[in-house]
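Read through the structure below, which is laid out as structure tokens, and then see the notes.
The values are calculated or read from the model by the stated rules, or taken from the named source; none is laboratory data. This is a predicted model, so every value here is computed, not measured. We place every Cβ from the backbone using ideal geometry, glycine too, and count neighbours over all the protein chains shown.
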Amino acid sequence: MVVVNTYKENLARNPVLYYIVAFLVNLEFNLPIWVGFFSRYISFTQLAFLNAWDYLISLVLEVPTGALADLIGRKKTIMLGWLLIGIGNICIAFMSDFSLFLILFTIRSLGSSLISGADSSIIYDSYKQLNREKEYAKYASNLGLMRRIALSIASFSGATLYLIDYRLPYIFFGILQLLSLIFLSRLTEPDIKPKPFSVSNYLQQTKDGFKELFKTPVMKTVTFYYMLIGGIGWASVAYFNQPYAKDVGFSDTEMSLLFGSVYLISAIVILTAVRMHKIFTRKTIYIGLPVIILLALLPGFLKIKLLAIPAVILSTIVAGMRFTFLDQYINLEFNSQYRATSMSSLNMLVSIFVALTIGIGGVFQDFFKTPVIITAFGFIALLFILPLGIKLSRMHSE
């Protein structure tokens with residue numbers, strides 16, 4: 001009896017530990033300066049290629065690493081992932097050659113793939129084994145708040161570190177990611193009773209986990225919706241928002257203030273939305289996210305500095321709501337035995353879309369500038385994501 005209680009107490013500690021981890025690994029001091037950092041050495045086209053390559057590697061490895069997490073344990077793969085990312089970021093600080101950047105981006109992509117799906121799965125199954133699944137949305141919003149507080153602090157201070165030494169943002173960022181391993185080592189693995197590890201079980205796990213995404217008509221629709229809304233939201237936050245702000249006239253110092261404020265505002269909005277669960281239901285979220293994206297991106301071609309502020313805020317809110325709301329909705333449909341594999345499969349689809357948008361957008365970026373690319377994404381949302389959102393809202397009457 002004592003053993004069971006101890007195990008449950010350890011499971012209940014997992015979310016708290018991951019709050020600390022989320023804060024440390026999201027102190028992205030490079031956030032306001034990464035465009036300036038890489039512009040010292042490479043062109044926008046090369047920079048877009050690096051980011052597209054990042055997502056291409058992730059999508060190739062996403063499902064295999066998810067299946068690995070389900071078979072050998074999520075904790076092990078998460079720790080290995082942050083180890084690789086931390087080392088990669090520290091090394092980037094001292095490189096100046098495109099080919100070396102490519103190698104380090106590949107190492108970081110492998111790390112991201114090992115984490116993706118495994119991190120949300122270990123926490124969701126911790127709640128599930130405690131019969132507290134309904135608390136996951138609140139956890140996700142609190143996690144998002146923790147991440148955005150860290151991003152705000154890093155954004156406000158990143159430019160100062162950059163002025164002291166342009167390598168410091170990446171060095172500090174990598175060190176804190178390595179520090180997170182101390183807290184990750186304290187996580188407790190939920191008792192899922194995985195299949196014994198073998199090549200045949202590994203391949204079958206990958207196949208079965210991917211099939212979860214398309215097992216019902218509703219799941220098919222949710223999967224395509226998640227891929228598109230997650231892809232555009234994440235492509236904006238991870239790449240296009242910064243060049244967009246720079247193209248419309250923000251200086252490096254102004255961008256530090258802008259993005260620090262953006263992450264703080266988006267955190268407050270998402271946290272408020274979670275608390276107002278009677279208004280922000282599954283039905284309203286499915287319609288609301290594409291509407292927000294339309295408002296954010298369609299006016300981009302106007303190239304007005306003041307319009308960039310709400311555009312960046314709104315796209316960041318959508319990217320955050322994907323993790324807070326959509327992850328919860330889709331986790332309800334997954335079998336625990338395949339959860340990490342299925343989430344990795346879903347993130348792989350998002351990575352495909354992100355890689356395509358960054359890769360194709362980057363080719364045109366030097367010619368048409370980022371504001372025009374932003375508007376093009378708005379039209380994609382209008383033609384494809386909004387109809388899917390309307391369809392899903394009709395499927396759910398809550």
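Data table
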item: Count of the range 251-288 residues which are in contact with a Lys or Arg (Cβ under 7 Å, 6 or more places away or on another chain) and modelled with pLDDT of 85 or more; result: 1
item: From the options Val16, Val21, Val4, residue that is modelled with pLDDT under 85, aliphatic (A, V, I, L, M) and part of a helix (DSSP H, G or I); result: Val4
item: Residue satisfying all of: in the range 369-385; among the hydrophobic types (A, V, I, L, M, F, W, C) and touching a Leu at 6+ places or on another chain (Cβ under 7 Å); surrounded by the most Cβ atoms within 10 Å (Cβ to Cβ) among these; result: Ile374
item: Qualifying residue in the range 70-93 (condition: part of a helix (DSSP H, G or I), modelled with pLDDT under 90, surrounded by 23 or more Cβ atoms within 10 Å (Cβ to Cβ) and not charged (D, E, K, R)); result: yes
item: Unique residue being of a type in the set (S, T, N, Q) and more than 14 Å from the chain's Cα centre (by Cα) when the list is Thr316, Thr284, Thr324; result: Thr284
item: Members of the range 24-43 that are in contact (Cβ under 8 Å) with a residue 12 or more places away in the chain, assigned to a helix (DSSP H, G or I) and over 23 Å from Ile115 (Cα atoms); result: Val35, Gly36, Phe37, Phe38
item: Single unsatisfied condition, Thr45 versus (1) buried (at least 19 other Cβ atoms within 10 Å of the Cβ); (2) closer than 23 Å to Val237 by Cα; (3) modelled with pLDDT under 90; (4) not aliphatic (A, V, I, L, M); result: (1)
item: Enumeration of residues in the range 98-119 that are at pLDDT 90 or above and either of a type in the set (Val, Ile, Thr) or closer than 21 Å to Leu168 by Cα (or both); result: Phe98, Leu100, Phe101, Leu102, Ile103, Leu104, Phe105, Thr106, Ile107, Arg108
item: Criterion (part of a helix (DSSP H, G or I) and either closer than 25 Å to Arg394 by Cα or touching a Gly at 6+ places or on another chain (Cβ under 7 Å) (or both)) met by exactly one of Ile268, Ile309, Ile317; result: Ile317
item: Residue that is farthest from Tyr136 (Cα to Cα), among those in the range 253-294 that are of a type in the set (D, E, K, R) and surrounded by fewer than 16 Cβ atoms within 10 Å (Cβ to Cβ); result: Glu254
